[in-house]
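Working notes, structure below.
Every number in this text was worked out from the coordinates using simple rules, so none of it is lab data. Note that the coordinates shown come from a computational prediction; the quantities given were computed from them, not determined experimentally. All Cβ positions, glycine included, derive from the backbone under ideal geometry; neighbour counts span all protein chains shown.
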Amino acid sequence: MKKLVYIFLFLTIVSCSVTKSTKSLHPFSGDALGCGNFIAYKLTDNNSEYVSIKVDIPTIELQKKQIYGVGIADAITIVRKKYDGPIGATLCNDLLPSSFPKELVNETATEGLLELLLSESEIEKAKNKEPYKATLILKNVVFETVTIDYLRLEDISVGWLPG
């Protein structure tokens, strides 16, 4: 009888573990960049897809470590876009090309966590309205077709506007 209980528990656990996280292989291993006050991008190697993280800085108080719930915190928006050609050169750029690649995917994250890390010196720069660097960590961020289990964007320059 105990064997049947153990088999039932094992099968229950295995069947429950097959969720959206099975789609967690994400292609974002290309460049990372930031602009504005505050948008960060992480691109694919071929620059045809990115995940963008927008933080509404005027509505939050900058601290060394902040954690936000995606889909809960109004100050956070995370979007995944995919195009049929390279798009990277148009990001954070005042000079736009005459034609853009066709947009194939536009998904907004519905859940997950964003961790925002700043040093004391970078917080001071931000308070003085100078460009500063931030580190962003995405954890278990769920889109319609992809889940990003973990993605780190290190020392992204933000707090400035192009041009």
ask   = Spin-label point model (7 Å from Cα, Cβ direction): what's the Lys127 to Ser29 distance in nm?
value = 4.1 nm
key: Positive minus negative residues near Lys127 (Lys, Arg vs Asp, Glu; Cβ under 13 Å)   = -3
ask   = Where does each of Tyr83, Tyr150 land when they are ranked from fewest to most other beta-carbon atoms within 10 angstrom?
value = Tyr150, Tyr83
task = Order by neighbour count: Phe100, Phe38, Phe28, fewest other Cβ atoms within 10 Å first, most last.
result = Phe100, Phe28, Phe38
note = Along segment 112-126, Karplus-curve 3J(HN,Hα) (6.51, -1.76, 1.60; θ = phi - 60°) to the nearest Hz, with x for Gly and Pro, reads x, 10, 10, 9, 10, 10, 9, 7, 4, 5, 6, 5, 4, 4, 4
Label point distance in nm, Glu111-Ile67, each placed 7 Å from Cα along Cα→Cβ = 1.6 nm
request  = Please sort 110-119, 133-142 by packing, taking for each peptide the average over its residues of neighbouring beta carbons within 10 angstrom, highest first.
outcome  = 133-142, 110-119
note = Counted neighbours (other Cβ, 10 Å), sorted fewest up, put Ser121, Ser157 in the order Ser121, Ser157
